[in-house]
Every structure is written in C-alpha cells, then in structure tokens.
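These notes are about the structure you will find just below.
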Amino acid sequence: MKIRIQDLEVRKLEFALQFQPGELDLGAEVRQLGMLATDGRAELIREHHGSHSVDDIRLVGKFDGRVEVGCARCLEPVEIAVRRSFDLLYRPLESERRADEVAIHEADTEIGYYAGEGMELEDSLREQILLAVPIRSLCRADCKGLCPVCGGNRNQQPCQCESRMPDPRWEALGALKNKLK
C-alpha cells in the first residue's frame, strides 16, 4: 500500500489490512504462518525549519501474526507469535543533506527516511515484524542441538560420536604414552 504525501495533505490515512503468507517478503530465515493483521493510520506532520518546511510521515499502528524460524541449536522449525505496536516517523531523504561526518542526537536515531513522494506501508511493516522476532529461538529449553561430528539431531536420537575431539597438538605425547604401555 503506497502512502503518498499528496493523499496525506487532504486527510489522515486509516488502514486495516490482512496479509496472506508470502505477500510480505520476510527473507529466507523467517516464514509467515497464516494471516497477519495490521491496522493503524498514517498522517502528515509538517515541520518548519527556518525558511522551508519538511513533510514528515507519522505511521502509528499495530500488527499481530505468527512466523516460523529455525531453532538456533537443531534447526527444527519454531513457531513464534509476533505482536507489536509501533509509532514511527519518516522524513524525506532529500531534507537531510549534511556533511560527511556529523554528530547526531539520540532523537535522530528514531527517524526513518523515505524517497520521492511517499513510502510503502509493507516496507515499514516488514521491518517491524523482523524486529519483533527474537535473535535466537529454541524449539525447547532443553534442546540438545546437532552433533558437531555427524550432524545428527540429538533430540531425535542419541549418536555414538565421541563428544570431545582430541586436541591435535597432544598427538605426539599420546603416541609416546601408547609406546610406554
């Protein structure tokens, strides 16, 4: 859904959308499960900076859905509920012409940028969904992970691989020990 400055000059834009799995590109690591619902509004905030004004877009809303990611230890699928509210501010990219190195304030880190006459709601929504997904997800708290030797899933069956690989720097000493036996 395109959010255009022209439309926001007339009135706020209210939205209530549902996205089917695959409509939002969440990347290779995250897969949407079922419907993802979002609702909110976009509004124009005109800021006056000396002799000129800047048209910011304020995006306020929430989303609710489920995604699937791989377990950080065994790579099995993990289902996660993603639910979050957001209040975002976007400024035109061309309004920020600065020198190569500048000091920014903490408030500047909260501002996103759009190019041209507007922005896509789906881009902001994708970003917020990915931020709601934990960095590391486990299929269960006691997940045993994959065997580093054979690659088998230790949750499904125990493997007989030697869990500690000998340090190759001690091989010469081990050979000497075997000779003395």
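The values are calculated or read from the model by the stated rules, or taken from the named source; none is laboratory data. Please read these numbers as outputs of a predicted model, since none were measured by experiment. Reconstructed Cβ throughout: ideal geometry from the backbone, glycine too, with neighbour counts over all protein chains shown. These area figures cover heavy atoms from the full protein model, side chains too; ligands, DNA and RNA do not enter into them. Shrake-Rupley method; radii C 1.70, N 1.55, O 1.52, S 1.80 Å.
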- Message: Tell me whether region 138-181 comes out rounded, prolate or oblate; compute the Cα gyration tensor, take square roots of the eigenvalues as a ≥ b ≥ c, and use a/c under 1.5 as the rounded threshold.
- Response: prolate
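Can you tell me the relative contact order of the chain? Whole percent, Cα pairs under 8 Å, sequence separation 6 or more. Walk me through the intermediate numbers first.
On the way: 279 pairs, mean separation 33.9, N = 181.
The value is 19 percent.
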- Task: Based on the mean of other Cβ atoms within 10 Å per residue, sort peptides 142-148, 40-46 so the most packed one is first.
- Result: 40-46, 142-148
- With x for Gly and Pro, the residue-by-residue ³J(HN,Hα) of region 50-58, computed from phi through the Karplus equation 6.51 cos²θ - 1.76 cosθ + 1.60 at θ = phi - 60° and given in whole Hz, is x, 8, 10, 10, 10, 9, 8, 10, 9
- Item | Cα gyration tensor, region 35-90 - rounded (a/c under 1.5), prolate or oblate | prolate
- Please name which of Q157, C147, N178 has its Cα lying farthest along the dipole of the chain towards the positive end, using unit charges on Cβ (Lys, Arg +1; Asp, Glu -1) and the Cα centre as origin. N178
- Query: Percent of accessible area on the chain owned by carbon and sulfur, 1.4 Å probe?
  - Reply: 50
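What is the packing order of peptides 15-22, 155-162, taking the mean over residues of other C-beta atoms within 10 Å and listing the highest first? Walk me through the numbers before you get to the answer.
Working: 15-22: 13.1, 155-162: 11.2.
Averaged packing, sorted descending, gives the order 15-22, 155-162.
Using only DSSP helix segments of four residues or longer, with each worth -39500 (n - 2.57), what per-residue ellipticity at 222 nm results for the chain after dividing by its residue count and rounding to 500?
-4500 deg cm²/dmol
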- Taking volume of the Cα convex hull per residue in Å³ as the quantity of interest, determine which of [x] 201; [y] 138; [z] 108 was computed from the displayed structure. [x]
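Take every DSSP beta bridge whose two residues both sit in region 1-152, then give the antiparallel share in percent to the nearest 5.
Counting only bridges with both partners in region 1-152, antiparallel ones make up about 90 percent.
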- Using the alpha-carbon atoms, what tilt in degrees (0 to 90, nearest 10) does helix 121-132 show relative to the longest principal axis of the chain? 40
- Task: Express the relative contact order of region 50-92 as a whole percentage, based on alpha carbon pairs under 8 Å and six or more residues apart in sequence.
- Result: 50
